[in-house]
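Each remark here refers to the structure printed beneath this line.
Laboratory data are not the source of any read-out in this text; all were calculated from the coordinates shown. Computed from a prediction, not measured in an experiment: that's the story for all the values here. Cβ placement follows ideal geometry from the backbone for every residue including glycine, while neighbour counts extend to all protein chains displayed.
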Amino acid sequence: MRTVAPSIEYSLLVPMLVVFGVAVAGVLVEAFAPRRFRYGGQLVLTVGGLAGAFVAVALLAGTRRMTVMGAVAVDGPTLTLQGVIVLVALVAVPFLAERQRLSAVGAGASVAAASVTAPAGVATAGVPTGRLGGADAFTGQAAAVPGSAAERAATESGRMHTEVFPLTMFAVGGMMLFPAASDLLTMFVALEVLSLPLYLLCGLARGRRLRSQEAALKYFLLGAFSSAFFLYGVALLYGFAGTVNLAGIAAALERQHDNRTLAIIGIAVLCVGLFFKISAVPFHAWTPDVYQGAPTPITAFMSAATKIAAFGALLRVLYVAVPSLADDWRPMLWVVAIATMVVGVVMAVTATDVKRMLAYSSISHTGFILTAVIALDRDGLSSSMFYLIAYGFSTLGAFAITGMVRSRTDPAREVTDLAAWTGVGRRSPALGACFSILLLSFAGIPLTSGFVSKFAVFLAALSAGGLALVIVGVICSAVAAYFYIRVIVLMFFAEPPEDGPVIVVPSVATRASIALTAAVTVVLGIWPQPLLDLVNRAAEFLH
């Protein structure tokens, strides 16, 4: 038998190859470069690689072709979501790279063991504002027992975990492949490639080490279960169709109109794995614990990028492989969407921690996006992509801002207790204003991207006969406005206590990234048409 080499058009895979290539180069830097050169080298590699990947995605615009023997589809949704994932990662790099000693601002910014050298003209409540040491997000030695002498020695030496950069790049590469995969085995490989680095990154928080390690372990164990469900669903669909190719599964369903039970069970089990990644109820329990325990830059990155990639994969499976089973999976998706909106909103109302509140908010937004997925048409696909883009930038900025509020006695520890945020907007009007814009967008207030996003997905659901979904969505949005506005009132309309937390001033790059997320939120709320036109043109899967 003559073996034929597989046909791989590498030119269509350049964006992913660039990202994976940079990730491998980052591993080599960690292995061979002297420690003092690693931070700068990794930062240059990461920014350069992401910028190059985005340029490669832009150059492929308009391409509609299969490659790697039909395992990868390069089409409008693939390129749109890949471009957004790369941009989100690029905006998140300053948060990951924040290693400077941070300046505290605010009333009574007195920190033990801080090197207090107040800038000229900056002093509050008679106490100078100083430079705070050791305020980076990642632990000096992840393998050390929390609170041990080894961990203290690593912290005091200023040791940095520069391997977060190649780990993040591997995760980005998996996220880019996930929505592009046109067969289920490739999709599973992408799922594991994006997940494994995140499991590690979630356990590297400098403060609250035990909570961070618990988050990583919980994410790993539940992620392993969800991957097992995904793989079992793949096996059942293969047993029905004799192929793992999405178009092949669709063709098998068209040929066989009777006895589809195996396929129905298969898609239900497969969706469990995907629902876990998008934080849909009842597979959401990991989200608040992991988001709270992980280093805040990692929480910001994965809350945006993982949801974009996972929704891209879910949309491709439902729209390409099993549209003929819509009458069977739509009722399931209705229940999941309604439960996700309701549970997310109700739990967010009761949350007393800012990161947990944003985590439950993320869950409710998953439900809002699912209302459009149910439409199973071009409008549903385009509105879902618009929502993912708008929400991705907003949630990235919101979580980044939570990392700016720190304990006055331990500047490495973030203060996320909601009551402690009293007067934060008065202490730092710029930070408070950006956070307020992002919260108003989550609430769906007009002139923000959140309003346009919700209007688009509700309109798509309504046109597909989902009136009940829209009603539930509108009610949940109204209830959600309460806990978002509650935070704004707490920040601006309450007097800051004398012993409240300090607000750190990060690097210029980090401030620019936060400002950019707020600006994108406003621009997409005022002038959304260019992006709407872009996603409308891109909203067609290659079969």
ask   = Which ordering of Thr402, Thr395 is given by a fewest-first count of other beta-carbon atoms within 10 Å?
value = Thr402, Thr395
query = Per Stokes-Einstein, at 20 °C and 1.002 mPa s, what whole-number D in µm² s⁻¹ belongs to the chain, with the Kirkwood radius over Cα pairs as the hydrodynamic radius?
reply = 90 µm²/s
ask   = Helix 449-463 versus the longest principal axis of the chain: what angle, 0 to 90°, nearest 10, using Cα atoms?
value = 20 degrees
Rounded Å value of the spacing that divides the Cα centres of region 353-389 and region 461-522 = 15 Å
ask   = Order of 196-203, 164-171 by packing, highest average Cβ count within 10 Å first?
value = 164-171, 196-203
task = Any chance you could give the angle, 0 to 90 degrees and rounded to 10, that helix 508-526 forms with the longest Cα principal axis of the chain?
result = 50 degrees
request  = Please report Ile264, Ile85, Ile308 as a ranked list, fewest other C-beta atoms within 10 angstrom at the top and most at the bottom.
outcome  = Ile264, Ile308, Ile85
ask   = So what is the calculated 222 nm ellipticity per residue for the chain, using -39500 (n - 2.57) for each DSSP H run with n of 4 or more, over all residues, to the nearest 500 deg cm²/dmol?
value = -22000 deg cm²/dmol
note = Ranked output for segments 320-328, 296-304, 418-426 by mean other Cβ atoms within 10 Å, highest leading, reads 296-304, 418-426, 320-328
task = For Lys218, go through the lysines and keep the ones whose alpha-carbon is under 28 Å away, minus same-chain ones fewer than eight residues off.
result = Lys277, Lys307, Lys355
query = Between Arg35 and Ile471, 0.36 nm times their residue separation minus their Cα-Cα distance comes to what?
reply = 151.3 nm
task = Can you figure out the FRET efficiency of Ile526 with Met332, using R₀ = 45 Å and their beta-carbon distance, to the nearest 0.05?
result = 0.75
remark   = So the angle from the long Cα axis of helix 429-443 to the longest Cα principal axis of the chain, reported in degrees to the nearest 10, equals 30 degrees
ask   = How many angstrom lie between the C-alpha centres of region 11-53 and region 293-348?
value = 30 Å
